[in-house]
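Since the structure comes first, as structure tokens, the remarks are kept for the end.
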């Protein structure tokens, strides 16, 4: 398990949770503002994301389903993924 922001270009991972204050949140509480924000972007638990652009600074670009999403690096570092091995 690692942060979305640590995936290299071309790597894929399954979203497994959000790290908040050192605790892994699986977004079961619909009142959680951060989980709602991330889910509204299409980054839901169980979704497979592919890293399209990760320059090391600034936002990164990921692909979820057939949609490209720009994610702020600070937010990407809170999204936990399980790396897919092909």
| note | Per the helix-only model, the chain has a calculated mean residue ellipticity at 222 nm (DSSP H runs of ≥4, -39500 (n - 2.57) each, divided over all residues, rounded to the nearest 500) of -3000 deg cm²/dmol
| request: Sort out for me the Cα centre separation of region 1-16 from region 52-86, rounded to whole Å. | output: 7 Å
| field | Linear extension gain, residue 77 paired with residue 2, 0.36 nm per residue minus alpha-carbon span | value | 26.1 nm
| remark: Given a Förster distance of 22 Å, the FRET efficiency implied by the Cβ-Cβ spacing of residue 84 and residue 41, rounded to the nearest 0.05, works out to 0.65
| remark: Rg/Rh over Cα atoms for the chain, Kirkwood Rh, comes to 0.93
| Mean Cα-pair separation over length for the chain, i.e. relative contact order, pairs under 8 Å, 6 or more apart, % | 44 percent
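Each value in this text was obtained by applying a stated rule to the coordinates, not by laboratory testing. For clarity, every value in this text was computed on a predicted model and none was experimentally measured. Positions of Cβ are backbone-derived with ideal geometry, glycine not excepted, and every protein chain shown enters the neighbour counts.
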